[in-house]
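Engineer: Attaching a single structure in structure tokens format; questions to follow.
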Amino acid sequence: MNFLIRLGALLALAAASTFAHAQAYPSKPIKFIVPFPAGGDLEPVARGLGDHFQATWGQPYIVDFKPGAQAQIGTEFVAKSPPDGHTLLICSVGPMTINPNLYARVPYSVGKDIIPVSLVATTPMVLVVGPKMPARTYADFLSYLKANPGKASFASAGLGNVTHLTAELFMRQAGVSMVHVPYKGAQAVIADLLGGHIEMYFNPLPSARGYVKSNADKVSPLAVTSIARSPLLPEVPTLDELGMKGFDVNSWYALCAPGGTPKDVVNKLSAEVARALAGGPLPERLRGYGMNPRANTPEQFAEEIRRESAQWATIIKEKGIKAE
């Protein structure tokens, strides 16, 4: 009986301690690490979350850009930060599901050193063709590729980038071949696409939406890669609609934390992301950038990471893609 009383007291103490820990968080400014240069797709996600957390918890926030090495520098920084929930990562496809399969070694382990908190938004890729491509409809584009195997070129924002792997997945499922032209960053790709130097590019919608509408005489959006059409390009069909059944690839933006961050803090962050996306200014703010707001639990997010990682691992192995 005494043992049961002591055990009950210990469990109550532990529960009280966990509750107190969650109540005390955050106790200082929250730093969001963006592992890419300023001005990219991840910046509005960081600032949108920061504004919401500050309004809710009364703590200021900092957005710190740490680009380089295909997002490995910023991701490693967070992996080695104190696991107290005050240094967080705005994570995305590359560092979480591609890099661990593309490189022989990365300086962090997903699920151990970097742990998922919640998705924040997803966005489809847009299949865009430029003036060098003679086809202006998807049917004509596909016919051209089948009649001219290995003749057309497609660009990517970097070897092993999601813009590269999406094209590889498309070619495998469509039964066509093109020449890969890797660039070092998206801006150079867009300039050459508009200039007629490359034929095709799978571009995430947030960066495609502006030049697609303003350069309608030069480029044509032929399809989006999500199952549902995008409200920002409602006239553009999905690859699934066009006959590539089940094709569903999205770029995504999310919140991650250092491994070892207390579970109650992770859950508190995840719940607050869900609340932020349920109403208020953040959802519309993200939609304005071409993103689809979407939250999930740490467990659901971890499962999606595992599933997507397996998909990209298959493509990388099958195509023999090696990191530069």
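The values are calculated or read from the model by the stated rules, or taken from the named source; none is laboratory data. Everything numeric here is computed off the predicted structure, so don't read it as measured data. Backbone-built Cβ (ideal geometry, glycine too); neighbour counts: all protein chains shown.
Engineer: Any residue that is in a helix (DSSP H, G or I), at pLDDT 95 or above and closer than 25 Å to R209 by Cβ - is there at least one of those in the range 261-276? Outline the logic, then answer.
Structural biologist: Residues of the range 261-276 that are in a helix (DSSP H, G or I), as a first pass: 263-276.
Next cut, at pLDDT 95 or above only: 263-276.
If we keep only those that are closer than 25 Å to R209 by Cβ as well, we get 273, 276.
Yes, the range 261-276 contains a residue that is in a helix (DSSP H, G or I), at pLDDT 95 or above and closer than 25 Å to R209 by Cβ.
Engineer: Please enumerate the residues belonging to the range 226-282 that are of a type in the set (D, E) and closer than 23 Å to I98 by Cα.
Structural biologist: Just the residues of the range 226-282 that are of a type in the set (D, E), to begin with: 235, 240-241, 248, 264, 272.
Scanning the range 226-282 gives a single hit, D248.
For (1) at pLDDT below 95; (2) out of contact with any strand residue (DSSP E or B) (no Cβ under 7 Å at 6 or more places or on another chain); (3) among the aromatic types (F, W, Y); (4) under 21 Å from D248 (Cα atoms), each residue gets a yes or a no:
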{"position": "G288", "(1), (2), (3), (4)": "yes, yes, no, no"}
{"position": "P293", "(1), (2), (3), (4)": "no, no, no, yes"}
{"position": "N296", "(1), (2), (3), (4)": "no, no, no, yes"}
{"position": "Q300", "(1), (2), (3), (4)": "no, yes, no, yes"}
{"position": "A310", "(1), (2), (3), (4)": "no, yes, no, yes"}
{"position": "I316", "(1), (2), (3), (4)": "no, yes, no, yes"}
{"position": "K319", "(1), (2), (3), (4)": "yes, yes, no, yes"}
{"position": "K322", "(1), (2), (3), (4)": "yes, yes, no, no"}
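Engineer: Now a separate question. For the range 42-58, state whether one or more residues are of a type in the set (K, R), assigned to a helix (DSSP H, G or I), without any contact (Cβ under 8 Å) to a residue 60 or more places away in the chain and buried (at least 16 other Cβ atoms within 10 Å of the Cβ). Please lay out each step first, then the result.
Structural biologist: So in the range 42-58, the residues of a type in the set (K, R) come out as 47.
Keeping just the survivors that are assigned to a helix (DSSP H, G or I) gives 47.
Subsequent filtering for residues that are without any contact (Cβ under 8 Å) to a residue 60 or more places away in the chain retains 47.
Those still in the list that are buried (at least 16 other Cβ atoms within 10 Å of the Cβ) too: 47.
Yes.
Engineer: Which residues, taken from the range 174-218, are touching a strand residue (DSSP E or B) at 6+ places or on another chain (Cβ under 6 Å), more than 15 Å from M125 (Cβ to Cβ), of a type in the set (A, V, I, L, M) and at pLDDT 95 or above?
Structural biologist: Scanning the range 174-218 gives M178, V179, V181.
Engineer: Could you go through the range 263-283 and let me know if any residue there is among the acidic types (D, E) and under 30 Å from P234 (Cα atoms). Before you say what the answer is, go through the steps one by one.
Structural biologist: Initially, the range 263-283 is screened for residues among the acidic types (D, E), giving 264, 272.
From what is left, the residues that are under 30 Å from P234 (Cα atoms) are none.
Looking for residues that are among the acidic types (D, E) and under 30 Å from P234 (Cα atoms), one finds none in the range 263-283, hence no.
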